[in-house]
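To start, the structure itself, in structure tokens.
The values are calculated or read from the model by the stated rules, or taken from the named source; none is laboratory data. Quick caveat, the model's predicted, so the values are computed rather than measured. Positions of Cβ are generated from backbone atoms using ideal geometry, with glycine treated the same way; all protein chains shown enter the neighbour counts.
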């Protein structure tokens, strides 16, 4: 009976102990390095949800957004993750960059100009002197303008010429 009671206590102790933030972060980094981005996001999210006040949570939150943006190209998920970062860590190291990137994704990936404008304006209101403020102003001034149109004419022509030409249909062969 005592043995059974001891086993139950030990089992409860192990169930109560989740994976440490350091272990979760290391596992997420390994998953990311092996390009298992879904697993990396899952592990970073677990760290963030279970250990929000831990010092690694802020880095995990930004990594979730970065992976969704750059590696998975799931832009809606990236925006949600950047927003969550800003909500959880409003004075965080990457808060201003996250706010800027929300506008950037809306403008350049999703072509949602109204949301891009609103995001850039929020960024500029909160961070008018940030190093990316000039970029945000430029983006606002040129919302909806194709990148080629912003380049000097010779560079724009070079870009146009380097684009792959449409495939030409093969000539029909003569029937014998």
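Looking at the range 32-51 only, could you name the residues that are in a loop (DSSP other than H, G, I, E, B) and surrounded by 14 or more Cβ atoms within 10 Å (Cβ to Cβ)?
First, the residues of the range 32-51 that are in a loop (DSSP other than H, G, I, E, B): 34-36, 51.
36, 51, listed by residue number.
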Result of the Cβ filter at 7 Å on the range 66-77, keeping first residues that are modelled with pLDDT of 95 or more and partners that are outside any helix (DSSP H, G or I), at least 6 apart or interchain, is 68/74; 75/110
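Got a sec? Which helices (runs of 4 or more DSSP H) wholly within the range 55-157 have at least 1 residues that are surrounded by fewer than 17 Cβ atoms within 10 Å (Cβ to Cβ) and more than 11 Å from the chain's Cα centre (by Cα)? I'd like the intermediate steps shown before the answer.
Working: elements: 55-66, 75-88, 95-104, 113-126, 133-141.
Passing ranges, in order: 55-66, 75-88, 113-126, 133-141.
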Taking residue 100, is it touching a helix residue (DSSP H, G or I) at 6+ places or on another chain (Cβ under 7 Å), closer than 22 Å to residue 31 by Cα and free of Cβ contacts under 8 Å to residues at least 60 places away in the same chain? no
